[in-house]
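Let me begin by presenting the structure, written as structure tokens, before commenting on it.
Read-outs: derived from the displayed coordinates by stated rules, not from any lab. The model shown is predicted, which means the values in this text are computed figures rather than measured ones. Using ideal geometry, Cβ is built from the backbone for each residue, glycine included, and neighbour counts are taken over all protein chains shown.
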Amino acid sequence: MLNVKSSVKRLISSIYECQKRIMINRRFMQDLINEGNEKNIPVLQLEIECLKDKIVEYQKELRARYQYSC
């Protein structure tokens, strides 16, 4: 049971970390747009999409672990 709890905490931390990186990238994109330097925006958008995919994977794993622990 202890192992499941630490695993759940790790997954939640990973989700928060991905969300934080998405927010940072969006702010950076806005700064680039304001400065007129938009050439790196597609790279940031791709990273955001990858982070969103990771979040979905983490959420699926979290649901599976949570159901297992109940």
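Numbers at a glance
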item	result
Among the residues listed as Leu46, Leu51, the single one being touching a Cys at 6+ places or on another chain (Cβ under 9 Å) and farther than 15 Å from Leu62 by Cα	Leu51
Residue among Glu38, Glu57, Glu49 that is in a loop (DSSP other than H, G, I, E, B) and without any contact (Cβ under 8 Å) to a residue 24 or more places away in the chain	Glu38
Any hit, region 8-25, residues being aromatic (Phe, Trp, Tyr) and surrounded by 13 or more Cβ atoms within 10 Å (Cβ to Cβ)	no
Residue match in region 14-30 (condition: of a type in the set (Gly, Ala, Ser), assigned to a helix (DSSP H, G or I) and without any contact (Cβ under 8 Å) to a residue 24 or more places away in the chain)	no
